[in-house]
1. Would you be able to tell me the number of residues in the stretch 236-257 that are out of contact with any helix residue (DSSP H, G or I) (no Cβ under 7 Å at 6 or more places or on another chain), under 24 Å from Ser194 (Cβ atoms) and not in a loop (DSSP other than H, G, I, E, B)?
2. For Gln314, indicate whether it is under 26 Å from Ala218 (Cβ atoms), out of contact with any strand residue (DSSP E or B) (no Cβ under 8 Å at 6 or more places or on another chain) and free of Cβ contacts under 8 Å to residues at least 40 places away in the same chain.
3. Please go through the stretch 427-446 and give me each residue that is open to solvent by less than 30 Å² (accessible area, probe 1.4 Å) and either under 18 Å from Asp388 (Cα atoms) or out of contact with any strand residue (DSSP E or B) (no Cβ under 6 Å at 6 or more places or on another chain) (or both), ordered by number.
4. State all residues of the stretch 261-299 that are without any contact (Cβ under 8 Å) to a residue 60 or more places away in the chain, open to solvent by 50 Å² or more (accessible area, probe 1.4 Å) and not acidic (Asp, Glu); if no residue qualifies, say none.
5. Being under 25 Å from the mean Cα position of the chain (by Cα) and open to solvent by 80 Å² or more (accessible area, probe 1.4 Å) is the filter here; which residues of the stretch 300-327 pass it?
6. I'd like to know if the stretch 409-425 contains one or more residues that are touching a residue at least 12 places away in the same chain (Cβ under 8 Å), among the basic types (Lys, Arg) and touching a strand residue (DSSP E or B) at 6+ places or on another chain (Cβ under 8 Å).
7. Out of the stretch 233-267, which residues are among the basic types (Lys, Arg) and either closer than 19 Å to Val298 by Cα or in contact with a Pro (Cβ under 6 Å, 6 or more places away or on another chain) (or both)?
8. Does the stretch 12-23 hold any residues that are without any contact (Cβ under 8 Å) to a residue 60 or more places away in the chain, under 14 Å from Val153 (Cα atoms) and open to solvent by less than 80 Å² (accessible area, probe 1.4 Å), and which are they?
Amino acid sequence: MKISSPLVQMTTALVALTGTLLMLADLFFGVLSGHDVETMRARKQVGESLAVQVAALMERDERDLLQRTLAAVLERNSDVRSLAIRRADGKVVMQLGDHPAAWREGVGERSTIDRVAVPLNAGAGRWGQFEVAFRAPSGHPIVRWLSEPMVLVLLFMSTAGAVAFALYLRRALLHLDPASVIPERVQGAFDTMSEGVVVLDTRGRVLLTNKAFRALHAEAAAVRTGVPLSTLPWLAASLDADVATHPWVRAMGERTAITGMTLDIGQADASRHLVVNCAPIADPGGAARGCLATFNDVTELHRANAQLRDTLEQLSSSKAVIELKNQELHRMATRDGLSGCLNRRAFHEQLAPLFARSQKQGFPLSCLMIDIDHFKAVNDTYGHSTGDRVIQEVAKHIGAAAGANDLVCRYGGEEFCVVTANLSVEETRALAERIRQRVEHSAALSDVADVKVTVSVGVHTRGAGATSIAELIDLADQALYRSKRSGRNRVSMFAGPQAAASLVL
């Protein structure tokens, strides 16, 4: 069962106490008379005044004047129903109005709100009584009861007092300092904590702070008790505009701990990075009575992490640069600077394991030796820069014709070497012919029309007698010389000394 708040309890107690004091004052001193009491008192006075006149007129035996006087009273006073003079033996000697019906409860000396009996004396004894019947008070009994002064006062005090007491107590409680009733050992325990600690009430107002919290910001030291935590300017700047999303409000509303929320407070140069954890404080009935919020300053760790991330990014960038440099160095170490083909050292390093696998697994390995025809004449006639361009053009077309896994090497000067695997003799011959034709038809210099670029090719496929890399290249080189001796711009296949006549195609 939910227990009402202390404010409601105190307000209710004060209203009840005030009402009790009012009723006791009325009980002992009669300060608040009811409508019926006042009406009864007024009617008794009227009855007694008339009885004095009746007694005087009867003593002078002026019955006619008495009759007229009572008739005038009955006519002018609408509250009076009837009047009568009754002797002690019960006989009515004079009456005005329907007195028997109005006095139906019988004769008696006790007066009520609607009938008043005043004794008439003669000498030392009682002669009779003067009777006045009044109209009963009108209206519903409950309505009449609610209009009683005591009831009205109590209702007013209950309503107005509740509002006034609640406003006063709220303001008074707002300025009370809960720290004054907290033992020093408790405050000391909070102050020893490295995390900033704030105890809040159900409205998110500050009840208690510790030393670490007051050190979080220059304005935190001046935080007053009773101020809503969400309205602190230095803290509100980093919070969402919707107060319902603030962690301490959520913790009390959802009755569960809210952890790991991060806040950045302060200016950029002196900002602090905080981790906020909030846990609701519940009463025995399970209702939230407040919240305990902790603010862990992890600024140094945050900065260290940021520096570590920057360092890692720099290392990553450096690693990428180093990898690019290594690739460039590897290219410079393995590639010919002019043609982009493999240099001889890298060519032999890659050819050695390939030749070994060919011997072990038995797949064919072919070598093509390519020489640019009349290259010395180009250099002598047009200069070395034109010769360099011719080398680049030939290398480009050789690379375009060769396969992705083929080894293409600038073997020396104007000479190239291509090694390819898993091609038959006919396929190797077709590759050599394709290279020759591409160079003949496409390797031209647009600004030097007189230069005609062609190549001679010599081919050897392992299996025709080569047992080493040197022998493989040498036999292909022999086939190249046959192409050059046979008129250049052609392909020759090495097939052994006995088949020399069929080498030229």
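The values are calculated or read from the model by the stated rules, or taken from the named source; none is laboratory data. Everything numeric here is computed off the predicted structure, so don't read it as measured data. Positions of Cβ are backbone-derived with ideal geometry, glycine not excepted, and every protein chain shown enters the neighbour counts. Remember, those area values only see protein heavy atoms, side chains included, never the ligands or the DNA or RNA. Shrake-Rupley method; radii C 1.70, N 1.55, O 1.52, S 1.80 Å.
1. The number of residues fulfilling the criteria is 2.
2. no
3. Leu431, Ile435, Val439, Ala443, Leu445
4. Met261, Thr262, Gln267, Ala268, Ala270, Arg272, Ala282, Pro284
5. Correct list: Glu300, Leu301, Arg303.
6. yes
7. Arg255
8. Result: Ala16, Thr20.
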